[in-house]
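Below: the structure, in structure tokens.
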Amino acid sequence: MRDQGRLVEWFDDKGYGFIQPNDSAKDRVFLHIKDFAKQGPRPIVGCALDYTVILDERGRYKAQQVMYLKASQTKMSQVKFKPKQQQSQKLQPMQIACVVYILLLTALTLGGLLSGLVLLLISLMNALSYWLYAQDKEAAQSGKQRIPENTLHLVAFLGGWPAAWLAQQKLRHKTQKQPFRQIYFCTIAFNIILIIWLISPFNSLNI
């Protein structure tokens, strides 16, 4: 798939950098100097590029067949802003869900239906979740060992899914990759089922 964007980070001594697509809802794309379709001047931050997007063996988006764009060839900003507006409308239900989830857990704890230890564990899982996403984002950009996706899902299942969603949006990480997104939403459903079980008469554990 062809796409357009601008170079937002470039390490000239190492010959690689990152492109931010014109659609700001999309994740940054890795670019290596060897992936330009034709030889030309060294890229500089801010230059407009047209490229093919692939998913490499490390699970990151990578640009190939890259070409420089003239100002007249760049897509209009109006096209750029429309998807962003649509994204904010789609994210609103998740914002509400996160707030309701936190308020509900607090109310259950104050009402004595849920142990304070559970609330503490969920708080720790949220802090850990955001940190793991930040580490994985940094690893993806630097080519280091990634955080296993199963680890991210496990922490989300244990209550860290609100911070995971926040990290996805703030860090622009894992916002498009499939089936990661479907599994992430499944962890939310299973976490809610777990909470319901903990406050139900069927819970035989003293927590």
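The values are calculated or read from the model by the stated rules, or taken from the named source; none is laboratory data. As the structure is a computational prediction, the values presented were derived from the model and not from experiment. Methodologically, a virtual Cβ is constructed for each residue, glycine included, from the backbone with ideal geometry; neighbour enumeration extends over all protein chains shown. When the accessible area is computed, the model is the full protein with side chains, heavy atoms only, and any ligands, DNA or RNA have been set aside. Shrake-Rupley method; radii C 1.70, N 1.55, O 1.52, S 1.80 Å.
So that you can scan it fast, the table gives a plain yes or no per residue for (1) polar (S, T, N, Q); (2) at pLDDT 90 or above:
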position	(1), (2)
Leu104	no, yes
Ala107	no, yes
Leu121	no, yes
Glu138	no, no
Gln145	yes, no
Phe157	no, yes
Arg172	no, no
Tyr184	no, yes
Can you find a residue that is part of a loop (DSSP other than H, G, I, E, B) and either assigned by the TED database to the domain that holds Leu113 or at negative phi (or both) anywhere in segment 183-190? no
Taking segment 137-161 only, how many residues are part of a helix (DSSP H, G or I) and in contact with a helix residue (DSSP H, G or I) (Cβ under 7 Å, 6 or more places away or on another chain)? 12
Determine, yes or no, whether Asn203 is under 20 Å from Ile102 (Cβ atoms) and either touching a helix residue (DSSP H, G or I) at 6+ places or on another chain (Cβ under 9 Å) or basic (Lys, Arg) (or both). no
Filtering segment 9-37 down to residues that are over 15 Å from Gln64 (Cβ atoms) and surrounded by fewer than 13 Cβ atoms within 10 Å (Cβ to Cβ) yields Phe11, Asp12, Asp13, Lys14
Going through segment 113-139 in order, the residues found to be among the small types (Gly, Ala, Ser), out of contact with any Phe, Trp or Tyr (no Cβ under 8 Å at 6 or more places or on another chain) and open to solvent by less than 60 Å² (accessible area, probe 1.4 Å) are Ser115, Gly116, Ala134, Ala139
